[in-house]
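Presented below is the structure to which this report refers.
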Amino acid sequence: MKKTKILILLMLNLQLVISAAQEAAQNSQPEQQNINEEQITIDSKSIPIKNIRDVFLTTLDTASKQRKKLSEYRDPIFVYVMKHKDTDMRDIVLSWLREWGNTQDKNGETPFHRAVSRNNEDIIEMLLSNEFVKKDVQNKNGQTPLHYAALNNEERIARMLIDKGADVNTQTKYRETALHLAVENNNAEIVKMLMAVGADFTIQNKNGQTAEQIAKTPEMKAILAQAQKNIFSRAIATRYNNKEKVRRLIAAGVDVNMKDESEMTPLYFAARANNLEIVGMLIDAGADVNIKDESGFTPLYVAISNSYQDHPSISNPYPSAFTSVRLDNNKEIVKMLIDKGADVNTQTKYRDTALHWAVENNNAEIVKMLMAAGADVTIQDENGQTAEQIAKTPEIKAIFSKN
């Protein structure tokens, strides 16, 4: 652009702050000025960088003595100087941001809000790279920079904020999340971004509506429906097992038997995560204990093999039969599933049963539990072997010899 649109307001901010310092010494107040931002442009080449730098440094010194006064005005000159790729000037801007980066104007906006509203990715990148600048500050309407990005359909900026950990579930004073705003704007890409990192689609706005309920187009409704298929799994398959989120999902009426792309339901992930409480919550809410995934595994198999790791793969939790890393078998979950009607003789597509899995895992206690529940010891797997025939240890073999 031949002319860089500079808010003279920014330049006046400097002068107003300096004036404030001078007038403060005389116990007087700076006079507010009304400026039409849209009418003012300045040729950036007409303002020498050196002069800007000198004024900036002077202002920094003055502003440090007038912290309360600065908050009365809008964002500082950094919006202008960042247009220039002068290293020294960037350092000066960083100094300013350390001191004033989280200062809010009369509308509660920070420099971050202003940078997003102006779609200035250079400034946003700089702000995100500095830990002293807060990315989730809310303005007077409760909006964060991420809300601004969703409102303005700024997909690249939304991605930048999300990748740096912006809170996707913060609500405005109207109780809207960024997801509500993205859905209202029918922005499929931002909706997908938000849902992929755990945006809570059960949150209601002030009218009691979720994001799904305000969706207008078939495409948007389909995107939200697809994203919801994995929502339980993501809530459960984490290091901390988000029990409260699972409770909210159940209370919101989300289908507890909804399958993901691998045909697995939330109960699989709860069993895999060794989370007895969530397993119970899901069963009480109607989870099917005998439902099968694409390989014919039921939640009982998952509880027996229990290959849960800190960061399990949602898309491929069973890379191959009997090869996953096995941790402690969750006996309590196995017992609960059996007590709730799990079929101990159902077979996978490999024709093995839960008993085959328990024997393969050398878990004598679970072998006994399954046999006590009526496990059929004559069933053969795809290799023509019974569970007894694949037993390796004397302890497991002894269990079969007694029955």
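Name the residue that is surrounded by the fewest Cβ atoms within 10 Å (Cβ to Cβ), counting only residues in region 342-396 that are closer than 17 Å to LEU300 by Cα and hydroxyl-bearing (Ser, Thr, Tyr).
It comes out as TYR350.
Taking the condition of being assigned to a helix (DSSP H, G or I), under 19 Å from GLU294 (Cα atoms) and at pLDDT 70 or above, how many residues in region 232-266 meet it?
Result for region 232-266: 1.
All but one of (1) crowded, with 18+ Cβ neighbours inside 10 Å; (2) touching a Pro at 6+ places or on another chain (Cβ under 9 Å); (3) farther than 30 Å from ARG272 by Cβ hold for ALA166, so report the exception by its number.
All conditions pass for ALA166, except number (3).
Within region 102-119, how many residues are surrounded by 14 or more Cβ atoms within 10 Å (Cβ to Cβ) and more than 22 Å from VAL168 (Cβ to Cβ)?
So the answer is 3.
The values are calculated or read from the model by the stated rules, or taken from the named source; none is laboratory data. Computed from a predicted model, the values in this text were never measured in an experiment. For neighbour counting, all protein chains shown are included, and Cβ atoms are generated from backbone atoms with ideal geometry for every residue, glycine included.
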